[in-house]
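A.B. asks: What follows is a structure written as structure tokens; I'll ask about it next.
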Amino acid sequence: MDNRPIGFLDSGVGGLTVVRELMRQLPHEEIVYIGDSARAPYGPRPAEQIREFTWQLVNFLLTKDVKMIVIACNTATAVVWEEIKEQLEIPVLGVVLPGSSAAIKSTSSGKIGVIGTPMTVKSDIYRQKIVDLAPQMQVTSLACPRFAPLVESNQMASSIAKKVVYESLAPLVGKVDTLILGCTHYPLLRGIIQNVMGPSVKLIDSGAETIRDVSVLLNYFQLNRSRDVSISQHRFYTTAGVATFKEIAENWLGQDLNVEHVKL
Ligand code: DGL
């Protein structure tokens, strides 16, 4: 048993899609979350900067005495997960590997699409992981740089969002039977993405898949939180203004949240 919280980080609100799955699949676990909305999006930034920012978020979480860290950001996972995992003594999970395995399991045509930020697509990490596991797969990757800013500005339900998603995904329509949402912001646009891709395309939520791995690791290392210790309160931190973060987070997670501003 380990009653310490699990730490989550993201460039902004995207990691909340991973947190929602944690709350659903592992409701006894306590959460500390940090979103770097003041500096989002990370996707178009140079690798060295993403590395520096991600380490700042990790170090912040370590001050909260977390028992495990989930890098709930594909971009940060692509750039710096291996390095962080090697340097910390607690388990550190990224979101890319679980999404890759789930896509291989889901596809029947072998044609898998991946959408992500410019850095995630440039890193080629999804294609490499998928082909490493199953060389017969054909992977088509597409950067969607306009999606994360739409989500960060809480415009998910707007007509602009529909137009942007429609225009951005055009090259993939009819070409794949499985699409990996390779950015944790994208499940917040899931309805529109599904409409554009068509009902037969299976969408893989990389973050949701990750929680299955969190569960396995907690069991394996016997790190589950005791059922007898009640959760005092989940804690959410943002580097930007509290109001927008709180609105998006409370809508998405369906509960009142304790959100604080933090300066890194
Ligand atoms: N949510 C992040 C991801 O999964 C990054 C979005 C961004 O900041 O560009 O890649």
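The values are calculated or read from the model by the stated rules, or taken from the named source; none is laboratory data. Worth saying up front: this structure is predicted, and the values here are computed from it rather than measured. Quick reminder, even Gly has a Cβ in these numbers, built from the backbone with ideal geometry, and neighbours come from all protein chains shown. Calculation scope for accessible area: heavy atoms of the full protein, side chains included, ligands and nucleic acids excluded. Shrake-Rupley method; radii C 1.70, N 1.55, O 1.52, S 1.80 Å.
A.B. asks: Taking residue 128 as the residue in question, decide whether it is surrounded by fewer than 24 Cβ atoms within 10 Å (Cβ to Cβ), under 25 Å from residue 48 (Cα atoms) and among the polar types (S, T, N, Q).
C.D. replies: Details: surrounded by fewer than 24 Cβ atoms within 10 Å (Cβ to Cβ): yes; under 25 Å from residue 48 (Cα atoms): yes; among the polar types (S, T, N, Q): yes.
Judged against the criteria, residue 128 is a match.
A.B. asks: What is the one condition in (1) in a helix (DSSP H, G or I); (2) hydroxyl-bearing (Ser, Thr, Tyr); (3) in contact with a Cys (Cβ under 7 Å, 6 or more places away or on another chain) that residue 244 does not satisfy?
C.D. replies: (3)
A.B. asks: I've got another one for you. Looking at segment 135-159, which of its residues are closer than 24 Å to residue 252 by Cα and in contact with a helix residue (DSSP H, G or I) (Cβ under 7 Å, 6 or more places away or on another chain)? Full working, then the answer.
C.D. replies: Of all residues in segment 135-159, those closer than 24 Å to residue 252 by Cα come to 144-159.
Answer for segment 135-159, where residues must be closer than 24 Å to residue 252 by Cα and in contact with a helix residue (DSSP H, G or I) (Cβ under 7 Å, 6 or more places away or on another chain): 144, 145, 146, 147, 150, 151, 152, 154, 155, 156.
A.B. asks: State the number of residues belonging to segment 59-80 that are crowded, with 22+ Cβ neighbours inside 10 Å, out of contact with any Lys or Arg (no Cβ under 7 Å at 6 or more places or on another chain) and either part of a helix (DSSP H, G or I) or without any contact (Cβ under 8 Å) to a residue 24 or more places away in the chain (or both).
C.D. replies: 6
A.B. asks: Give 172, 179 a once-over and let me know the one that is surrounded by fewer than 22 Cβ atoms within 10 Å (Cβ to Cβ) and at pLDDT 95 or above. Don't jump to the end; show me each part of the working.
C.D. replies: Details: 179 fails: surrounded by fewer than 22 Cβ atoms within 10 Å (Cβ to Cβ).
Exactly one residue qualifies, and that residue is 172.
A.B. asks: Has segment 23-31 got any residue that is surrounded by 22 or more Cβ atoms within 10 Å (Cβ to Cβ) and either under 13 Å from the mean Cα position of the chain (by Cα) or part of a loop (DSSP other than H, G, I, E, B) (or both)?
C.D. replies: yes
A.B. asks: Mind listing whichever residues of segment 113-161 are more than 14 Å from the ligand (Cβ to nearest atom) and among the charged types (D, E, K, R)?
C.D. replies: Across segment 113-161, the qualifying residues are 124, 127, 129, 132.
A.B. asks: Also, I was wondering about something else. Pull up segment 122-135, narrow it to residues that are among the aliphatic types (A, V, I, L, M) and touching a residue at least 24 places away in the same chain (Cβ under 8 Å), then point me to the one that is farthest from residue 105 (Cα to Cα).
C.D. replies: Of segment 122-135, the ones among the aliphatic types (A, V, I, L, M) are 125, 130-131, 133-134.
Filter once more, so that each one left must be touching a residue at least 24 places away in the same chain (Cβ under 8 Å): 125, 130, 133-134.
Numbers: 125: 18, 130: 11, 133: 11, 134: 10 Å.
Here the answer is 125.
A.B. asks: Give the number of residues within segment 195-235 that are at negative phi, open to solvent by less than 30 Å² (accessible area, probe 1.4 Å) and small (Gly, Ala, Ser).
C.D. replies: 4
A.B. asks: Quick check on this structure: which one of 53, 60 is touching a Leu at 6+ places or on another chain (Cβ under 9 Å), of a type in the set (Phe, Trp, Tyr) and more than 10 Å from residue 9 (Cα to Cα)? Before you say what the answer is, go through the steps one by one.
C.D. replies: Details: 60 fails: more than 10 Å from residue 9 (Cα to Cα).
Selected residue: 53, the only one of 53, 60 that is touching a Leu at 6+ places or on another chain (Cβ under 9 Å), of a type in the set (Phe, Trp, Tyr) and more than 10 Å from residue 9 (Cα to Cα).
A.B. asks: Follow-up question, since we're still on this one. Would you check if residue 100 is within 29 Å of residue 202 (Cβ to Cβ) and open to solvent by less than 10 Å² (accessible area, probe 1.4 Å)? Before you say what the answer is, go through the steps one by one.
C.D. replies: Working: within 29 Å of residue 202 (Cβ to Cβ): yes; open to solvent by less than 10 Å² (accessible area, probe 1.4 Å): yes.
So residue 100 fits the description; yes.
A.B. asks: Taking residue 4 and the conditions (1) open to solvent by 50 Å² or more (accessible area, probe 1.4 Å); (2) more than 16 Å from the ligand (Cβ to nearest atom); (3) touching a residue at least 24 places away in the same chain (Cβ under 8 Å); (4) assigned to a helix (DSSP H, G or I), which numbered condition does it fall short on, given that it satisfies the others?
C.D. replies: Only one criterion in (1) open to solvent by 50 Å² or more (accessible area, probe 1.4 Å); (2) more than 16 Å from the ligand (Cβ to nearest atom); (3) touching a residue at least 24 places away in the same chain (Cβ under 8 Å); (4) assigned to a helix (DSSP H, G or I) is unmet by residue 4, namely (4).
A.B. asks: Just checking, does segment 27-39 include any residue being within 13 Å of the ligand (Cβ to nearest atom), modelled with pLDDT of 95 or more and of a type in the set (Lys, Arg)?
C.D. replies: yes
A.B. asks: Moving to a separate point now. For segment 241-264, which residues satisfy the criterion of being touching a residue at least 40 places away in the same chain (Cβ under 8 Å) and either in contact with a Leu (Cβ under 6 Å, 6 or more places away or on another chain) or open to solvent by less than 30 Å² (accessible area, probe 1.4 Å) (or both)?
C.D. replies: The answer is 245, 248, 249, 252, 253, 262.
Every residue, every condition in (1) in contact with a strand residue (DSSP E or B) (Cβ under 8 Å, 6 or more places away or on another chain); (2) within 29 Å of residue 247 (Cβ to Cβ), yes or no:
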{"site": "71", "(1), (2)": "yes, yes"}
{"site": "91", "(1), (2)": "yes, no"}
{"site": "127", "(1), (2)": "yes, no"}
{"site": "131", "(1), (2)": "yes, no"}
{"site": "140", "(1), (2)": "yes, no"}
{"site": "148", "(1), (2)": "no, yes"}
{"site": "151", "(1), (2)": "no, yes"}
{"site": "157", "(1), (2)": "no, yes"}
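A.B. asks: So which pairs qualify, if the first residue must be in segment 167-196 and within 11 Å of the ligand (Cβ to nearest atom), the second must be at pLDDT 95 or above and open to solvent by 60 Å² or more (accessible area, probe 1.4 Å), the Cβ gap must be under 8 Å, and the two must be at least 6 apart or on different chains?
C.D. replies: Within 8 Å, the pairs are 181/190.
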